[in-house]
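The values are calculated or read from the model by the stated rules, or taken from the named source; none is laboratory data. Being a predicted model, the structure only gives us computed values, none of them experimental. Note that each Cβ is placed from the backbone with ideal geometry, even for glycine, and that neighbours are counted across all protein chains shown.
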Amino acid sequence: MKSVLDDALERLRHTGPEEADGAPNHGPMAAEALVALGYDDAVPQWVDSYRRQLGPMPETILPVTTQTWRDALGSRRRVGDWGVFFRLQLSAAPWQAVLTAWLPRLIPGPMAHGTHGLIRTAHAVRALYWVTQSINASTRLYYETQRHPWTMQQGERVAVPTAMAVFPREISRPPREWGERSFNVQRWTEMPRGGHFAALEEPALLVEDIRAFFRLLRG
């Protein structure tokens, strides 16, 4: 999969986000879907035919930065600037961290455009997991939870000292009372920000809280 998809993306490099008539560029997404469905042999010919309809990536106008990005929202003239910005972001941090940081900020735009951006992002994420052979590891927790759920008997309690960091955008936020019923809670922190992917979203907050917990244990 990796070599076929890499070749397709290389052929589509430097193409813009739209076709000549203004329709969106489906090239990378369609190539990934063909490979995922097992039609590797069809990809090169399809990509070569499709890319003839595509224009070049627009020229850059003004750099997008983490301070000025809102000024570039909604402007088709700034597409080239966004491309450069995200290349820089991806060179400085893992793609998971970039996705986690920027998806919440940009989600109103994709929703306003019929979720086209979300669909393309989902195809990209699937491809990254498959080509790095990490798809199984990424879903292992969910598999084990479904097949081998961990249950505690009534009155059972974990005696090991436990710390809990509660992030405001987490999917589930149990009250402290629930945690203390079953765990030996020594530290409970209500975080000011962050969500389900806290280690990627707010690594500094999480690391400092872990350090503070172990300092407490050391006395």
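Tabulated data for the structure shown
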item: Residue that is nearest to Pro17 (Cα to Cα), among those in the stretch 112-153 that are hydroxyl-bearing (Ser, Thr, Tyr), modelled with pLDDT of 80 or more and in the same structural domain as His26 (by TED's automatic domain parsing); result: Thr121
item: Selection status of Arg187, surrounded by 11 or more Cβ atoms within 10 Å (Cβ to Cβ), basic (Lys, Arg) and closer than 29 Å to Leu34 by Cα; result: no
item: Helices (runs of 4 or more DSSP H) completely within the stretch 67-127 that count 2 or more residues being charged (D, E, K, R); result: 79-92
item: Exclusive hit being surrounded by 13 or more Cβ atoms within 10 Å (Cβ to Cβ) and either among the aromatic types (Phe, Trp, Tyr) or not assigned by TED's automatic domain parsing to the domain that holds Leu99 (or both), set Arg193, Arg169, Arg176; result: Arg169
item: Residues of the stretch 119-137 satisfying the condition of being surrounded by fewer than 16 Cβ atoms within 10 Å (Cβ to Cβ), over 18 Å from Asp40 (Cα atoms) and free of Cβ contacts under 8 Å to residues at least 24 places away in the same chain; result: Ala122, Ser134, Ile135, Asn136, Ala137
item: Considering residues of the stretch 48-74 that are closer than 17 Å to Met29 by Cβ and either under 26 Å from the mean Cα position of the chain (by Cα) or acidic (Asp, Glu) (or both) only, the residue modelled with the lowest pLDDT; result: Met57
item: Checklist (1) at pLDDT 90 or above; (2) exposed (fewer than 13 other Cβ atoms within 10 Å of the Cβ); (3) within 12 Å of the chain's Cα centre (by Cα) applied to Leu90, failing item; result: (2)
item: Residues within the stretch 28-72 that are of a type in the set (A, V, I, L, M), out of contact with any strand residue (DSSP E or B) (no Cβ under 9 Å at 6 or more places or on another chain), within 21 Å of Thr121 (Cβ to Cβ) and surrounded by 12 or more Cβ atoms within 10 Å (Cβ to Cβ), tallied; result: 11
item: Answer residue from the stretch 24-42, given it is part of a helix (DSSP H, G or I) and of a type in the set (A, V, I, L, M) and is nearest to the chain's Cα centre (by Cα) among those; result: Met29
item: Residue pairs meeting the criteria (Cβ under 9 Å; at least 6 apart or on separate chains; first in contact (Cβ under 8 Å) with a residue 12 or more places away in the chain, in the stretch 40-52; second among the β-branched types (Val, Ile, Thr)); result: Asp40/Val4; Val43/Val4; Val43/Val35; Pro44/Val4; Arg51/Thr15
